[in-house]
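Here is the structure we will look at.
The values are calculated or read from the model by the stated rules, or taken from the named source; none is laboratory data. Remember, predicted model here, so these are calculated numbers, not experimental data. Backbone-built Cβ (ideal geometry, glycine too); neighbour counts: all protein chains shown. Heavy atoms of the whole protein, side chains included, go into the accessibility calculation; ligands, DNA and RNA do not. Shrake-Rupley method; radii C 1.70, N 1.55, O 1.52, S 1.80 Å.
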Amino acid sequence: MSYIIQLTMSMLDGIKYTVGLFGITLLLSMPIGLILCFVRSGKNKVLSSVVGAYVWLMRGTPLLLQLYFFCYGLTFLPFVGQYLVMGRFQSACVAFVLNYAAYFCEIFRGGMLSVDTGQFEAAKVLGFSKWQANIRIIIPQMLKVSLPPISNESITLVKDTALVTAIGITEILYFAKSAVNRDVNVSAYIVAAAFFLALTYALTALFKYLENKFSF
Amino acid sequence: MEMIRVNNLKKSFAGLNVLNDVSFSVNKGETVAVIGHSGSGKSTMLRCLINLERADGGDIIIEGEYLARGGEYPPAKESRRICAKMGMVFQNFNLFPHISVLNNLIYAPVYVMNEKPVSAKERAAQVLKTVGLSDKISAMPRELSGGQKQRVAIARQLMTNPDVLLFDEPTSSLDPQLTGEVLAVMKDLSKKRMTMVVVTHEMGFARSAADRVIFMGDGRIVEEGKPEDIFTNPKDERVKQFIGSIII
């Protein structure tokens, strides 16, 4: 039992990276995704295709590859590489935010497509500018439809944070793996699993609450 | 006074001519009913008036100002200002489902016209009373029947104090029992000399409440006149057939 407690204590130290990466990614990638969604659905064909290509690139390549690229690859870029030196955690954040923004862009776009065109028209005849209509009328309705996929994506994100163990960030899985190797005992993996389960449980509860709140 | 003047309005969708040289005008305080077969261009014409569709050619003049001139439009801000004098009621109500009836009514006055929320709320209570829905002020749209939704939609548009109200088949998605309550509100507005253009299949309303009836067919105005003349003594063969085929 004391062994389990000891494992838990050491992993608690790693949870700051897991939760930190999760929080930063969610907080930044959602607004970026929302902006990308509006550009993607906007009238400007060029910008729309640029975002389309971006989404294709980010969703079409492994997150692990992107993680390696931003952590180890950036500095080798000609000319600009020397200015792009980041800490490992920072580069992990950049990779995650850019990757998840692409997914959120598509989630929000789905939400936007689900809003009836009559809503845009009603807002227009009432005198709303496009901007006002989007903020007051369209986005709240988009969010309702987007919540279940956002919930899904957030749970995936919690688990994806484990990937950064590959670039040597000392998050939960990093501790677990070292403990298993060191002690020749599988318990650490189970403790790590419990951590992830607890986090995803909390998230599920949070999104359930939000979905109730948005049930108009 | 002329509230709306339309000259030679043209509109086509993917090569199909929906409107061919439509010209008419609407005077202040007048109720004009637009009738005709489905696909005759009635709704498209109405949507052009408030800039939900862009005309390809012709003029649209709202209270002396050009919304479209030879198919050319002013910048978005300018066209929004011109269209703000009008309101529109849709077939599918298009209430905002995520906010209460009260908020549906006060959003445009508060956020678009910068009215104080307190005064907007007071007006909302009054306007809801005129459509007979005082008790629904804090209801959500999903809790209302179709007829109630449409009356809220009318109230919402009245909150912006429009000079002209456009109705796009306002009772077409309602049960016959619910149609009556909406028509009653519209007749009441018509009596108060609100300027109205009503695209409708409700011949009873066109006959009893309209000052003038416009019959459209194939993107043109086929016949136009007083309701008695159109309904009892139509000149055009197509109008005769149409009137003969319906029961009033």
| query | What pairs come up if the first residue lies in region A:68-80 and is free of Cβ contacts under 8 Å to residues at least 40 places away in the same chain, the second is open to solvent by less than 60 Å² (accessible area, probe 1.4 Å) and in a helix (DSSP H, G or I), and their beta carbons are under 6 Å apart, counting only those six or more places apart or on different chains? | reply | A:F70/A:S91; A:F70/A:V94; A:F70/A:A95; A:T75/A:G81
| query | Is there a residue in region A:143-158 that is crowded, with 17+ Cβ neighbours inside 10 Å, within 14 Å of chain B (Cβ to nearest Cβ) and within 22 Å of B:V112 (Cα to Cα)? | reply | no
| task | Out of the residues in region A:190-216 that are among the hydroxyl-bearing types (S, T, Y) and over 25 Å from A:F175 (Cβ atoms), state the one that is least open to solvent (accessible area, probe 1.4 Å). | result | A:S215
| note | Expected output for region A:46-61 (first residue within 16 Å of A:I32 (Cβ to Cβ), partner of a type in the set (S, T, N, Q) and assigned to a helix (DSSP H, G or I), Cβ below 9 Å, 6+ apart or cross-chain) is A:M58/A:Q66; A:M58/A:N99; A:R59/A:N99
| Can you name every residue in region B:105-132 that is open to solvent by less than 30 Å² (accessible area, probe 1.4 Å) and more than 21 Å from the chain's Cα centre (by Cα)? | B:V110, B:A120
| field | Those residues of region B:59-81 which are within 11 Å of chain A (Cβ to nearest Cβ) and among the hydrophobic types (A, V, I, L, M, F, W, C), in sequence order | value | B:A76
| task | Please work out which one of (1) without any contact (Cβ under 8 Å) to a residue 40 or more places away in the chain; (2) within 14 Å of chain A (Cβ to nearest Cβ) is the condition B:M140 fails and give its number. | result | (1)
| Looking at (1) within 25 Å of B:G87 (Cβ to Cβ); (2) surrounded by 18 or more Cβ atoms within 10 Å (Cβ to Cβ), which is the only condition A:I107 fails? | (1)
| If only one of B:D56, B:D21 is surrounded by fewer than 19 Cβ atoms within 10 Å (Cβ to Cβ), more than 13 Å from chain A (Cβ to nearest Cβ) and touching a Gly at 6+ places or on another chain (Cβ under 7 Å), which one is it? | B:D56
| request: Kindly check whether there is at least one residue in region A:4-25 that is farther than 16 Å from A:A95 by Cβ, in contact (Cβ under 8 Å) with a residue 60 or more places away in the chain, out of contact with any strand residue (DSSP E or B) (no Cβ under 8 Å at 6 or more places or on another chain) and exposed (fewer than 13 other Cβ atoms within 10 Å of the Cβ). | output: yes
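Listed here are the residues, each with its yes/no results for (1) within 17 Å of B:F93 (Cβ to Cβ); (2) within 14 Å of chain A (Cβ to nearest Cβ); (3) in contact with a helix residue (DSSP H, G or I) (Cβ under 9 Å, 6 or more places away or on another chain).
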| position | (1), (2), (3) |
| --- | --- |
| B:Y111 | no, yes, yes |
| B:K121 | no, no, yes |
| B:A125 | no, no, yes |
| B:V152 | yes, yes, yes |
| B:T160 | yes, yes, yes |
| B:Q177 | yes, no, yes |
| B:L183 | yes, no, yes |
| query | So, in region A:105-139, of the ones that are touching a residue at least 24 places away in the same chain (Cβ under 8 Å), within 13 Å of another protein chain (Cβ to nearest Cβ) and in a helix (DSSP H, G or I), which residue ends up nearest to the chain's Cα centre (by Cα)? | reply | A:G111
| field | Among the residues listed as B:A125, B:A155, the single one being in contact (Cβ under 8 Å) with a residue 40 or more places away in the chain and over 15 Å from B:A33 (Cα atoms) | value | B:A155
| Somewhere in region B:151-160, is a residue surrounded by fewer than 23 Cβ atoms within 10 Å (Cβ to Cβ), at pLDDT 95 or above and part of a loop (DSSP other than H, G, I, E, B)? | yes
| note | Counting only residues in region B:89-108 that are assigned to a loop (DSSP other than H, G, I, E, B) and touching a strand residue (DSSP E or B) at 6+ places or on another chain (Cβ under 7 Å), the one nearest to the other protein chains (Cβ to nearest Cβ) is identified as B:F90
| query | When residues of region B:18-59 are filtered for being part of a strand (DSSP E or B), over 17 Å from B:I214 (Cα atoms) and not charged (D, E, K, R), how many remain? | reply | 2
| said: Contact list please: Cβ distance under 6 Å, first residue in region A:190-216 and farther than 17 Å from A:M142 by Cα, second residue open to solvent by 50 Å² or more (accessible area, probe 1.4 Å), pairs at least six apart or on different chains. | reply: A:A192/A:L173
| Total residues in region B:24-53, condition at pLDDT 95 or above and either surrounded by fewer than 16 Cβ atoms within 10 Å (Cβ to Cβ) or more than 18 Å from the chain's Cα centre (by Cα) (or both) | 4
| request: Please find, among A:A92, A:A101, the residue that is under 25 Å from A:N181 (Cβ atoms), surrounded by 19 or more Cβ atoms within 10 Å (Cβ to Cβ) and modelled with pLDDT of 95 or more. | output: A:A92
| request: Please tell me if B:K235 is within 30 Å of B:D21 (Cβ to Cβ) and open to solvent by 30 Å² or more (accessible area, probe 1.4 Å). | output: yes
| query | When the residues of region B:201-225 are filtered to those that are modelled with pLDDT of 95 or more and part of a loop (DSSP other than H, G, I, E, B), which remaining residue is least open to solvent (accessible area, probe 1.4 Å)? | reply | B:A210
| message | Going residue by residue through region A:5-26, is there one that turns out to be β-branched (V, I, T) and more than 24 Å from A:S151 (Cβ to Cβ)? | response | yes
